[in-house]
Amino acid sequence: MSEIEGHLSQLSSLWKGREITEEPRIIDIDSPVSDLSKNDLSGILQLAHEEGNYFDDFEVTFHTDRAGEQPILQSGGSLRVHDPGFDTLRRAYDTEDVAIQDWRKIVSDVLHDDEVERLAEFLLEWSGTASISLHIDCIVDKSEIGDLLKAELEGSSSFSVFFWTEEKQFQSWLDQHISDYATVADLFFQERNLPVFVFYQEIEPEYQSVLQFHSVKSLLNLEPADHDFDVSQYRTLMDRDRDVLQAGPELSVVSPSLFSTPKAREHFASVFVYSVFAGVAKRVRLTEDVLELEIKTRRKTISNKIDGEAFTNAVQQYTVDELTALYEFYESFVEKGTRDTYRDFWHRSIVEECDSFEDLPRKTAQIREFYTFLEEEAIEKNFDDLNDAIQDAHVFTADVTSTVSETTRSLTSEIQKVVLALLGAVFANLFLVVRWSNVDMVLPFSIFVISGVLLFYFPTIQTRIDELDDLISESNDDFKVYSETIQEFSGHLFDFSRFDDRRGSYVNYAEKRRKWAVKKLQLAFWLLIIVWGGLAIISILGYSRSSGQFLIATTSVVVAGVIWFRHRDADYYPETTDVPVIGPALSPAISLAILILVVAGIRLFIEPLTVDAITSGRILQEVLSWVSSSQLLGVQSPIS
């Protein structure tokens, strides 16, 4: 036997077979000493003397005709003599043959020697002398007992132990507080801690419910693996029903699903009924002892203000079968009650079958039947709408397929036109060479064609890319709308993934073609810029400053600036480019413009170049000669 079991065995003699006042946290006891055996009285006095934490208050008192009730022993951590009580007795019996002073001395000596058994024997002999009776008046602290029982279990931080002497006392207290259901809920059903109810009386343990009912013996005999009660389920149910409850945070929340067994519903009938009413109502309010409930639909409204007395009468009239039916009804309600559509069906069913909330436990079968009718009617209608939605989805998928294919082909065609335009320029240049037998016109013509393609045709292709982006985005948005619409009608019965797979395959194809187009355009853009730069260098360095080739090449700087301005946000146009070793470089159009200006500046100081001049190094000699003369004269004079 554990220590706590031994202590409870000693305490139990105070309440066994006696009228006591038991509340959730205390037991108020007034027991005549003469009703106790010597062993029982010794055990009680020993606890009061050595384990004073079990008592909020402990006194051994005289009950006399002359002096009333006078304490002679008190416990304040340990027993001690209460001198004022003895003084009052001495004055009351001063002329009588009652040795009050002798009694006080004997009690003091016994306590001094810690001889509790002698004290018990003396008190039993003394009780009944000279019209004097002795009583033990005490208040047992049940919170201390609960904490000690909890400490006996491993991993017990997530639940609270509530100790009661026997189920009859527990039920009696609950019956007295039927109308005070909110207080009962707050007292026992904390937000995070599972309540475990433990009785000194031997009972059949309750394992089937989330709520646990044990005797002290069955609780302490649990295997360590069974100490972990289902706290997670308790918290899940409490959190779920807090979300379901249509009320403010001031209202107590207890999940009706906790009361899954007849014993749990029998003990907590008021809390259970109150929780179901609050859970299914559309509006709930608790003011003082009046519970206001309302369900309002387009056709009908039921609204009740139930005071404590009316609620008590209603709960006491419900049978065990009606409470069981109410529990099963709530489980069906909460299964889909968090979704607005289903919750509306339940509310319509309740107001159709009930005139008040008190009717609910007696009308659960009719309510469920009417709900089934509403659900079937809605499903019939929704299947027609679902058919229309599915047909729209088929059309949508076909439209996506057609539009994506057409836009992708258009983009590919635009890329092909760029290639054809460049091939056309090549053939035109060949024609010029053959027709006039020189290459002078090839350079300006090529610069003109390249700048025209970059300036006018590339933005057109970017427009096609943007259109494809918009199409992909719109198809994703449309698919989301259709999927939500269909699932609103069918829940998750309809497999929408087939449409998603078809749509996704075409969208993925379009995205791949878009990336391909951007990559090819970037390559073409760089090649055209490089060719443009090469042609401009040849035109500037190889022809006189008054020639058309020179003028067209230098003025193309303006076109390069326009291209930079128009193309800087295009997908194929990089704002800056990371060049290995060198690091970040300027954007291509700006780089081209700077290159042309630098070459044109050099050309101001040198003669037009020929192949022989370039290969002989004459250009380098002229530049060095010019630099030397500038340093000697301190002026810059261009070489004519």
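The values are calculated or read from the model by the stated rules, or taken from the named source; none is laboratory data. Nothing here was measured: the structure is a model prediction, and the numbers come from that model. When the accessible area is computed, the model is the full protein with side chains, heavy atoms only, and any ligands, DNA or RNA have been set aside. Shrake-Rupley method; radii C 1.70, N 1.55, O 1.52, S 1.80 Å.
When the pairs Lys480/Lys519; Lys336/Lys480; Lys305/Lys363; Lys168/Lys305 are compared against a 26 Å limit on Cα-Cα distance, Lys480/Lys519; Lys168/Lys305 fall above it. Per residue, the stretch 149-353 exposes 45 Å² of accessible surface when a 1.4 Å probe is rolled over the protein heavy atoms with every protein chain present.
The apolar share of the surface of the stretch 231-334, taken as the fraction of accessible area on carbon and sulfur atoms (1.4 Å probe, ligands and nucleic acids excluded), comes to 44 percent. Rounded, prolate or oblate: which fits the stretch 244-367 when a ≥ b ≥ c are the square roots of the eigenvalues of the alpha-carbon gyration tensor, with rounded for a/c under 1.5 and prolate only if a/b beats b/c? Here the stretch 244-367 falls in the rounded category. Taking 0.36 nm per residue of sequence separation and removing the Cα-Cα distance, the Lys512/Asn476 pair yields an extension gain of 11.3 nm. Converting phi to 3J(HN,Hα) with the Karplus coefficients 6.51, -1.76 and 1.60 and the offset θ = phi - 60°, the stretch 324-334 yields 5, 4, 5, 4, 5, 4, 5, 4, 5, 4, 6 Hz in sequence order, with x at every glycine or proline. Our coupling estimate for the stretch 12-29, obtained by passing each phi through the Karplus curve with A = 6.51, B = -1.76, C = 1.60 and θ = phi - 60°, is 4, 5, 6, 10, 5, x, 10, 7, 10, 10, 10, 10, x, 10, 9, 10, 9, 10 Hz, Gly and Pro reported as x.
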